[in-house]
């Protein structure tokens, strides 16, 4: 069982924002919005939900933060049958493997393509 925070919030000034999404893999990534308990978001405007992921299958959790200069940083996690199988960081248009099995990268690539987020390079070492 994995606990995830699904959130969409931005600061009062609108200069900072965070967005986290959950996708289920069914031959293509499909966004899911499971029920959970409401928690307070990171920034003032928005909402956040704490979700316990108990289902079997392949899920991709993506969390992105936009800062004052408009730069986006993120973390992508592939969850396979209730266990974290691949963890990647996204910054400066590059994906870097932090831990896990690099063979699960096509799932991450498909999610990034569906979100239309550009990738200049990926490091799977």
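Here, each number is a calculation from the coordinates, and none is a lab measurement. Owing to the predicted nature of the structure, the values given are computational and were not obtained by experimental measurement. Please note: Cβ atoms are built from the backbone with ideal geometry, for glycine as well, and neighbour counts cover all protein chains shown.
Quick check on my filter: what residues within segment 27-46 are under 13 Å from residue 110 (Cα atoms) and touching a strand residue (DSSP E or B) at 6+ places or on another chain (Cβ under 9 Å)?
The answer is 29, 30, 31.
Please determine whether any residue of segment 24-34 is over 19 Å from residue 114 (Cα atoms) and without any contact (Cβ under 8 Å) to a residue 40 or more places away in the chain.
yes
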